[in-house]
Amino acid sequence: EKEPAFTPHLIPLNTYTNQSICGLLPENWDKIPQKVPVVILDGLDEIESKNIRDAVRNIERFSENNPNVKMLISCRNNFYNPESKNYSGTLKGFSTYVLLNLDAIQIGEYINKKLGVQADYFNKIILDNGLKDILISPFYLTNLVEQFKKENNIPRNKIEIFDNMINLRIKLDIEKYRTTVDLRKQKNCIISALETIALVMETLGRNYIYEEELKKIPNVNDKKEILEFCLLEKKKQGNKIIWNFEHNNFQEYLA
């Protein structure tokens, strides 16, 4: 079996604060012999607006100074301007590639693989509820299939889809962490706190919040111990603790 020719380095950009790209990479990242480094910068659109221009300049500078390094940068379509004949694009010297939606064949294959003989019934409910168009998104397709497998039914609209996903997640967490913390009687408090945190993050224009900021939010600080188990992830970033939702869609919906 051939050795892989590339060495990938994944860097999430959601907490980017004007560091050089080299400063975000591990020590000796470019010293692995006979390997081509691939720097993957994930979430250009998740950088705070006040830092985006510096980020673009630092990315372009790094690319110019390291021509042998491959770079891949992910970004939502509506936050990125592709290159054209008279415009270099958001990032000069980069080519734009669009991740396409799922097509009907891919959607059908996934549903048949996951649901087997129940696929026809699932498709009927999708059509009856007018949800066919959203299946082009892997997020909705996978979650709707999972909801159907658990309940033999699916919600009627996006609001019900998210409500159902959140309720199912909390139910799973109640069982998963039953020997760690009792979440059964705190469901409404959890959802209320999650909504508040999501709204604060949206107001700040980012998809994370520092723990010291979390402590200042009324009626949230005293629930930190239980929130860690429900839709939120807690990570160490340098010498600080940050919190973020498992998926940006949860943050946007709850806000």
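The values are calculated or read from the model by the stated rules, or taken from the named source; none is laboratory data. Since the structure is predicted, the reported quantities are computational estimates derived from the model, not experimental observations. Because the Cβ atoms are built from the backbone with ideal geometry, glycine has one as well, and the counts that use them run over all protein chains shown.
For S74, the conditions (1) touching a helix residue (DSSP H, G or I) at 6+ places or on another chain (Cβ under 8 Å); (2) farther than 20 Å from N244 by Cβ are fulfilled apart from (2).
Residues considered: T15, T96. Of these, the only one that is buried (at least 16 other Cβ atoms within 10 Å of the Cβ), in a loop (DSSP other than H, G, I, E, B) and touching a Phe, Trp or Tyr at 6+ places or on another chain (Cβ under 9 Å) is T15. Listed by first and then second residue, the pairs with beta-carbon distance under 6 Å, at least 6 apart or on different chains, first residue in the range 87-102 and at pLDDT 90 or above, second among the small types (G, A, S) and in a loop (DSSP other than H, G, I, E, B), form an empty list. Here the condition is being within 30 Å of P12 (Cα to Cα), surrounded by 13 or more Cβ atoms within 10 Å (Cβ to Cβ), outside the structural domain of P12 (by TED's automatic domain parsing) and touching a residue at least 12 places away in the same chain (Cβ under 8 Å); of I125, I170, it holds for I170 alone.
Taken over the range 173-186, the criterion of being in a helix (DSSP H, G or I) and either modelled with pLDDT of 75 or more or surrounded by fewer than 15 Cβ atoms within 10 Å (Cβ to Cβ) (or both) is satisfied by E175, K176, R184, K185. Scanning the range 141-167 for residues that are buried (at least 17 other Cβ atoms within 10 Å of the Cβ) and under 19 Å from N248 (Cα atoms) gives L141, N143, L144, I161, F162, N164, M165, I166. Evaluate the following for I52: is it free of Cβ contacts under 8 Å to residues at least 24 places away in the same chain and either surrounded by 14 or more Cβ atoms within 10 Å (Cβ to Cβ) or hydroxyl-bearing (S, T, Y) (or both)? For I52, the condition - free of Cβ contacts under 8 Å to residues at least 24 places away in the same chain and either surrounded by 14 or more Cβ atoms within 10 Å (Cβ to Cβ) or hydroxyl-bearing (S, T, Y) (or both) - is met.
Conditions (1) farther than 30 Å from I52 by Cβ; (2) under 24 Å from the mean Cα position of the chain (by Cα); (3) not basic (K, R), marked per residue:
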position	(1), (2), (3)
K92	no, no, no
S95	no, yes, yes
L100	no, yes, yes
I107	yes, yes, yes
K114	yes, yes, no
D128	yes, no, yes
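In the range 10-34, the residues that are under 18 Å from S49 (Cα atoms) and assigned by TED's automatic domain parsing to the domain that holds E46 form Cβ pairs under 6 Å with partners that are among the polar types (S, T, N, Q) and surrounded by fewer than 16 Cβ atoms within 10 Å (Cβ to Cβ), at six or more places apart or across chains, as follows: T15/Q237.
For the range 19-46, how many residues are assigned to a loop (DSSP other than H, G, I, E, B) and at pLDDT below 90? So the answer is 10. Being within 15 Å of T15 (Cα to Cα), modelled with pLDDT of 85 or more and part of a strand (DSSP E or B) is a condition met by no residue of the range 214-237.
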